[in-house]
Amino acid sequence: MTTSFAPRIFSGIQPSGGLTLGNYLGALKRFAEYQGQGAETIYCVVDLHAITVWQDPEKLRHNTREVAAAFMASGVDPEVSVLFNQSQVSQHAELAWLFNTVARVGWMYRMTQFKDKAGKNSENSSLGLLAYPSLMAADILAYHATEVPVGEDQKQHLELTRDIAAKFNHDYGVDFFPITKPMIEGTATRVMSLRDGSKKMSKSDPSDATRINLTDDADAIAQKIRKARTDADPLPGSMEGLQDRPEAKNLVNIFAALTGESADQVLARFEGQGFGAFKPALAEVAVESLAPITEKMTRFMADPAEIDRIMGRGADQAAAIAQPIVERTKEIMGMIRSR
Ligand code: TYM
């Protein structure tokens, strides 16, 4: 018999400093869109993940509030969704430990994010960085989440979450954890660097010109788009014509994701035109979409106590869901219930 699980969406963002247009289009914008569509929505600032590489404590506090502000500025409504900080709900760390006994070390070494972040000297990386996907599985499965919206780069981690759920269910002869479905949807599942169409737009890239930050003002956004790497050819009438033009393809995808059109619809309008015409139009839609978000973020950040209050309430709501699930997990594994 297969248990059926109520539709529940979970996703998280690390407060490891500075959010980009990639985080917005690949995640935040979509999080808001899933609200009120039938599934319960639970969103989390994953501070326990951020500390797998060293964080300055004062900056971590600032960044945690800033990500909370970004969620709300992007339209995540704490009256509709559960919105909270990971470290305030102890069930995440507790379930991650239980999963550390289910997951295999070899699975962790295979993760490309671990290889990228650990670099050449992986022996010297934190144990937490290696076990990161086990905590991510716990984030999701502590809520019996059925669907997880993320960008393309998180696909491998979500496969591992499925592996952990399946192995737990198999090892203990239960059908307790759902096999979560990744939601990697839309035209912006992998927003690329503005300077190199083969690299992901990332907050950790040393060059600020490669990305648009959610805190950039209108001038900075327009200037970065103007300087974005492109080619000299005119735009074709459909995406097929952009196969070998990664930088052009990226800008068209960004345009489409910002306006909610398909990339082909965007190209139908710009067919035959060059980047001299396309870039100013893109800068205009980017500023139009992002300026209100930046402004709302600034307003939220002016009242950190209010952010903390909202996140505290979210943590209580989250714990009320996760606590019985983690209790039951422990019971399944043979632990005696506390009184
Ligand atoms: P993080 O904090 O790196 O990124 C947050 C979200 O933004 C997406 N994203 C992008 N999407 C498109 N193009 C880009 N250039 C781009 N850069 C980032 C990411 O795919 C992600 O959806 N491990 C996760 C955080 C996490 C999590 C979870 C996610 C922890 N627990 C449970 C889902 C469910 C991470 O590091 O995301």
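The values are calculated or read from the model by the stated rules, or taken from the named source; none is laboratory data. Worth saying up front: this structure is predicted, and the values here are computed from it rather than measured. As a convention, Cβ positions derive from the backbone with ideal geometry for all residues, glycine included, and neighbour counts pool all protein chains shown.
For this structure, a couple of remarks:
- Residue count for region 1-46 satisfying the condition of being away from the ligand (no atom under 14 Å from the Cβ) and under 24 Å from residue 129 (Cα atoms): 0.
- Options 70, 103, 50, 96: the member that is touching a Ser or Thr at 6+ places or on another chain (Cβ under 7 Å), within 24 Å of residue 298 (Cα to Cα) and of a type outside the set (Asp, Glu): 50
- Filtering 258, 235, 282 for residues that are farther than 26 Å from residue 213 by Cα, in contact (Cβ under 8 Å) with a residue 40 or more places away in the chain and either buried (at least 17 other Cβ atoms within 10 Å of the Cβ) or not assigned by TED's automatic domain parsing to the domain that holds residue 215 (or both) leaves a single hit, 235.
- Residue in region 300-309 that is over 26 Å from the mean Cα position of the chain (by Cα), outside any helix (DSSP H, G or I) and free of Cβ contacts under 8 Å to residues at least 40 places away in the same chain present: no
- Only residues that are among the β-branched types (Val, Ile, Thr), within 20 Å of residue 246 (Cα to Cα) and part of a loop (DSSP other than H, G, I, E, B) were counted in region 197-222, giving 1.
- The lone exception for residue 91 - which of (1) farther than 23 Å from residue 164 by Cα; (2) in contact with a helix residue (DSSP H, G or I) (Cβ under 8 Å, 6 or more places away or on another chain); (3) among the polar types (S, T, N, Q) it fails: (1)
- Qualifying residue in region 106-113 (condition: within 15 Å of the ligand (Cβ to nearest atom), closer than 18 Å to residue 49 by Cβ and part of a loop (DSSP other than H, G, I, E, B)): yes
- Residues that are farther than 20 Å from residue 71 by Cα, within 14 Å of the ligand (Cβ to nearest atom), among the hydrophobic types (A, V, I, L, M, F, W, C) and not in a helix (DSSP H, G or I) do not occur anywhere in region 245-255.
- Hits in region 75-91 (condition: part of a helix (DSSP H, G or I) and within 18 Å of the chain's Cα centre (by Cα)): 86, 87
- Selected residue (criterion: nearest to the ligand (Cβ to nearest atom)) from residues of region 60-88 that are out of contact with any strand residue (DSSP E or B) (no Cβ under 8 Å at 6 or more places or on another chain) and within 22 Å of residue 39 (Cα to Cα): 74
- For residue 130, the conditions (1) within 9 Å of the ligand (Cβ to nearest atom); (2) closer than 22 Å to residue 87 by Cα; (3) not hydroxyl-bearing (Ser, Thr, Tyr) are fulfilled apart from (1).
Residues checked against (1) of a type in the set (Lys, Arg); (2) in contact (Cβ under 8 Å) with a residue 60 or more places away in the chain; (3) touching a helix residue (DSSP H, G or I) at 6+ places or on another chain (Cβ under 9 Å):
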{"position": "4", "(1), (2), (3)": "no, no, no"}
{"position": "15", "(1), (2), (3)": "no, no, yes"}
{"position": "44", "(1), (2), (3)": "no, yes, yes"}
{"position": "48", "(1), (2), (3)": "no, yes, yes"}
{"position": "59", "(1), (2), (3)": "yes, no, no"}
{"position": "71", "(1), (2), (3)": "no, no, yes"}
{"position": "87", "(1), (2), (3)": "no, no, yes"}
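- All positions within region 158-173 that are in contact (Cβ under 8 Å) with a residue 40 or more places away in the chain and either in contact with a strand residue (DSSP E or B) (Cβ under 9 Å, 6 or more places away or on another chain) or more than 12 Å from the ligand (Cβ to nearest atom) (or both): 163, 164, 167, 168, 171, 172
Okay, residues lined up against (1) near the ligand (Cβ under 9 Å from one of its atoms); (2) within 28 Å of residue 91 (Cβ to Cβ); (3) at pLDDT 95 or above:
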| site | (1), (2), (3) |
| --- | --- |
| 153 | yes, yes, yes |
| 175 | no, yes, yes |
| 192 | yes, no, yes |
| 210 | no, no, yes |
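- The residue that is nearest to residue 329 (Cα to Cα), among those in region 126-151 that are of a type in the set (Ser, Thr, Tyr) and buried (at least 17 other Cβ atoms within 10 Å of the Cβ), is 143.
- Residue within region 92-102 that is assigned to a helix (DSSP H, G or I), within 10 Å of the ligand (Cβ to nearest atom) and among the charged types (D, E, K, R) present: no
- Taking residues in region 126-140 that are in the same structural domain as residue 325 (by TED's automatic domain parsing), and partners anywhere that are of a type in the set (Asp, Glu) and within 11 Å of the ligand (Cβ to nearest atom), not one pair has Cβ atoms closer than 6 Å while being at least 6 places apart or on different chains.
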